[in-house]
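Have a look at the structure below before the remarks.
No lab work stands behind these numbers, since they all come straight from the coordinates. Given the structure is predicted, the values throughout are model-derived calculations rather than measurements. Every residue, glycine among them, receives a Cβ derived from its backbone with ideal geometry; neighbour counts consider all protein chains shown.
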Amino acid sequence: MSATLVLVINSGSSSIKYQLVDPVGGHALAGGLVERIGEHDGRLSHTSGEQTVEHLRRIENHTAGLRLVFDMFAEAGQDLAAAGVGAVGHRVVHGGEEFSAPTLIDDDVLASIHRLCTLAPLHMPANAAGIESARALLPTVPQVAVFDTAFFHELPAAARTYAIDAKLAREHGIRRYGFHGTSHEYVSGRVAEVLGRDPAGLNQIVLHLGNGASASAIRGGQAVDTTMGLTPLEGLVMGTRSGDIDPAIFGFLQRSAGMDSDAVDDLLNRNSGIKGLSGVNDFRELGTLVERGDAAAKLAFDVYIHRLRRYIGAYLVTLGNVHAITFTAGVGENDPAVRAAALAGLEGFGIAVDEQRNNTRSKVPRVISPDGSPVQVLVVPTNEELAIARAALRLVRPG
Ligand code: ADP
């Protein structure tokens, strides 16, 4: 096995997603998902080449989950510990003020990641657990943290600052951090390649529409605004998250509905958005309900599109002159109805979507605007794992 391979780990609260990536060739050799860690009905699904193996058993904790993953690789003839991988790349949700780039993990960095748990209590403890487990299992392999916030670290002050008491904000690290940065950076880089343009000369809007959703405005490869804030709750309407709401709703619910802060947090993160309005959070199910004439589903779709268009409008003004608007992630890559509705009626801004191109299913990056359009509209599949693997390899093998 070549030591230029990178094991990419995305460790969630009860799951571990992983891929063994060839960053140079640009593809994954194997990957899988460990689910329901800590529950009695744990599950591992591992795919290598054409073969998928499943295991159902109790998986005590993240270390046990990762050990099982290593066993899967060994069974498939890829002994990670013995043959060695060049690096392990960890997706870390929050880099706070401290981390603005991929970082080699040592004890100090790990301690900082633990300190950042207060900013993302749902994600960071799991990220740290993944790192600790991987360090224990592969003690001689360099481990690299790739932060979801890093691409937005240098947002202009006006875009990153909340208009609240400045001293309080400073004390508590309250600012707009932005998330999905690895995806926004990767996709905007791919757009420049697809268009054959120098990224330095491109103004772009990237719409990452998955379960979580965020938009960014990028000028010359540098993010100048994004929709997510201190946490990944702000901005667009998402599968289960409300996105922007009047902040007073939080206190109002506490006083009027007797909900405590955890209950409101849970409501806005897990039971709002498309799910809160329609009962389903998957856009495939939403589309079926809309076709059947379900009024709640139609409203959910309309609210989603309304918010999306509001930010597209905002970023057109922020950038002044936009060369490319790109859809990515599960919904953005696969749902032509969302793409068409998001950009309908914008011909006056030089923005149009070719119906046939939009409706053609494909896994490759493509332009869906008509030939000669002033603004290029694209669909570009994201690949956060590849971006993490490349970032990790760049750090451990510069040049
Ligand atoms: P995550 O934020 O979890 O990484 P993804 O980017 O994988 O999410 O997006 C998952 C979402 O993509 C699903 O919940 C679903 O709404 C949407 N999706 C996936 N496939 C399709 C499809 N063919 N048509 C419409 N939506 C889709």
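Check off (1) within 16 Å of the ligand (Cβ to nearest atom); (2) surrounded by 13 or more Cβ atoms within 10 Å (Cβ to Cβ); (3) farther than 15 Å from residue 236 by Cα for residue 328 and give me the number that stays unchecked.
Going through (1) within 16 Å of the ligand (Cβ to nearest atom); (2) surrounded by 13 or more Cβ atoms within 10 Å (Cβ to Cβ); (3) farther than 15 Å from residue 236 by Cα one by one, residue 328 breaks only (3).
Specify the residue that is farthest from the ligand (Cβ to nearest atom); the eligible residues are those in the range 174-193 that are part of a helix (DSSP H, G or I) and surrounded by fewer than 18 Cβ atoms within 10 Å (Cβ to Cβ).
The residue in question is 193.
Restricting attention to the range 295-305, does a residue exist that is touching a residue at least 60 places away in the same chain (Cβ under 8 Å) and closer than 30 Å to residue 153 by Cα?
yes
Would you pick out the residues in the range 267-283 that are without any contact (Cβ under 8 Å) to a residue 40 or more places away in the chain and either outside any helix (DSSP H, G or I) or within 12 Å of the ligand (Cβ to nearest atom) (or both)?
Within the range 267-283, 271, 272, 273, 274, 275, 278, 279, 280 meet the criteria.
Any residue at all in the range 309-318 that is among the small types (Gly, Ala, Ser), away from the ligand (no atom under 13 Å from the Cβ) and more than 29 Å from residue 376 (Cβ to Cβ)?
Checked against the condition, which is being among the small types (Gly, Ala, Ser), away from the ligand (no atom under 13 Å from the Cβ) and more than 29 Å from residue 376 (Cβ to Cβ), the range 309-318 yields no hits at all.
Filtering the range 125-161 down to residues that are among the acidic types (Asp, Glu) and in contact with a strand residue (DSSP E or B) (Cβ under 9 Å, 6 or more places away or on another chain), which residue is nearest to residue 112 (Cα to Cα)?
148
Which ones in the range 365-392 are more than 25 Å from residue 330 (Cα to Cα) and buried (at least 21 other Cβ atoms within 10 Å of the Cβ)?
Selection gives nothing.
Can you name every residue in the range 335-352 that is within 16 Å of the ligand (Cβ to nearest atom) and either touching a Leu at 6+ places or on another chain (Cβ under 9 Å) or in contact (Cβ under 8 Å) with a residue 24 or more places away in the chain (or both)?
At the first step, the residues of the range 335-352 found to be within 16 Å of the ligand (Cβ to nearest atom) are 335-342.
335, 337, 338, 339, 341, 342, listed by residue number.
Any idea which residue in the range 94-137 is nearest to residue 169 (Cα to Cα), counting only those that are among the charged types (D, E, K, R) and touching a residue at least 40 places away in the same chain (Cβ under 8 Å)?
97
Among the residues of the range 263-283, what is the count of those that are surrounded by fewer than 17 Cβ atoms within 10 Å (Cβ to Cβ) and either touching a strand residue (DSSP E or B) at 6+ places or on another chain (Cβ under 7 Å) or not polar (S, T, N, Q) (or both)?
Taking the range 263-283 and keeping what is surrounded by fewer than 17 Cβ atoms within 10 Å (Cβ to Cβ), we get 263, 265-266, 270-271, 279, 282.
In the following step, the residues that additionally are either touching a strand residue (DSSP E or B) at 6+ places or on another chain (Cβ under 7 Å) or not polar (S, T, N, Q) (or both) were identified as 263, 265-266, 270, 279, 282.
Of the residues in the range 263-283, 6 are surrounded by fewer than 17 Cβ atoms within 10 Å (Cβ to Cβ) and either touching a strand residue (DSSP E or B) at 6+ places or on another chain (Cβ under 7 Å) or not polar (S, T, N, Q) (or both).
Restricting the search to the range 230-262, which residues are more than 25 Å from the chain's Cα centre (by Cα) and surrounded by fewer than 11 Cβ atoms within 10 Å (Cβ to Cβ)?
248, 255, 256, 257, 258, 260
Of all residues in the range 286-297, which are in a helix (DSSP H, G or I) and either among the acidic types (Asp, Glu) or within 16 Å of the ligand (Cβ to nearest atom) (or both)?
Hits for the range 286-297 are 286, 287, 288, 289, 290, 291, 297.
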